[in-house]
1. So which residues in the range 60-81 are open to solvent by 60 Å² or more (accessible area, probe 1.4 Å), out of contact with any helix residue (DSSP H, G or I) (no Cβ under 6 Å at 6 or more places or on another chain) and not charged (D, E, K, R), if there are any at all?
2. Has the range 85-92 got any residue that is in contact with a His (Cβ under 7 Å, 6 or more places away or on another chain) and among the β-branched types (Val, Ile, Thr)?
3. Go through the range 123-143 and report how many residues are part of a helix (DSSP H, G or I) and open to solvent by 80 Å² or more (accessible area, probe 1.4 Å).
4. At negative phi, at pLDDT 90 or above and either out of contact with any helix residue (DSSP H, G or I) (no Cβ under 6 Å at 6 or more places or on another chain) or outside any loop (DSSP other than H, G, I, E, B) (or both): is that true of Leu153 in this structure?
Amino acid sequence: MPKLPKSKGAKQEKKVIHPYSRKAAQLAREAHKQDKKEKLKIEKALRLNIIGEKLQWFQSHLDPNKTSYTKKEACELLEEYMCRFSDELEQIELRNSIGGRQGRQHGSREAVIKQTMERERLLYEGYGIEIPDIVNSKHLKFFREWNGDLKKLPNIKMRKLSVTDAICSHTEVADVETKEESSKAEDVAS
């Protein structure tokens, strides 16, 4: 009598994999690869979220009547951005001075704020902080039309501003003023 063929359903049962087998190593590599992908995805989303919050702050503090900013005005806006936590720090100091406690309330939040402000100050005094390009009128118009969608974030042009930009713009303004004064003095003299 011939043997009956085995059903394929029985063969599809999950086999136990030996921990030191090539198949186990392959599955471990695949799981590790998936974990790395998820971690990178989360990090990118967090980075985009932080940049998005910064851009929304700048968008809300733009002067609606201006079509473009000078470097000096952009640096002033950037310095205002760096001082955005000063009110919250004052509130924390006030709460800590009123309470008769030995410990500090909101100490961790205060430490995070001070660390952020110090890091931004060092970046500003160093090679610069990236802000949306509000000096160029075309980029400023596009930035104003941005609705806060993080997917359109790469389309927004950014520009690095540092202390040297603010100093250069101050000296340029001073040079222009001295040239105007000297030309007025020559006009008066002649």
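The values are calculated or read from the model by the stated rules, or taken from the named source; none is laboratory data. Not measured: the values here are computed from a predicted model. Cβ: placed from backbone, ideal geometry, glycine included. Neighbour counts: every protein chain shown. The area values use the complete protein model at the heavy-atom level, side chains included, leaving out ligands, DNA and RNA. Shrake-Rupley method; radii C 1.70, N 1.55, O 1.52, S 1.80 Å.
1. Step one: of the range 60-81, the residues open to solvent by 60 Å² or more (accessible area, probe 1.4 Å) are 60-61, 64-65, 67, 70-72, 76, 79-80.
Pick out the ones that are also out of contact with any helix residue (DSSP H, G or I) (no Cβ under 6 Å at 6 or more places or on another chain) and you get 60-61, 64-65, 70, 76, 79-80.
Ser60, His61, Pro64, Asn65, Thr70 - these are the residues of the range 60-81 that are open to solvent by 60 Å² or more (accessible area, probe 1.4 Å), out of contact with any helix residue (DSSP H, G or I) (no Cβ under 6 Å at 6 or more places or on another chain) and not charged (D, E, K, R).
2. Yes, because at least one residue in the range 85-92 is in contact with a His (Cβ under 7 Å, 6 or more places away or on another chain) and among the β-branched types (Val, Ile, Thr).
3. Of the residues in the range 123-143, 4 are part of a helix (DSSP H, G or I) and open to solvent by 80 Å² or more (accessible area, probe 1.4 Å).
4. No.
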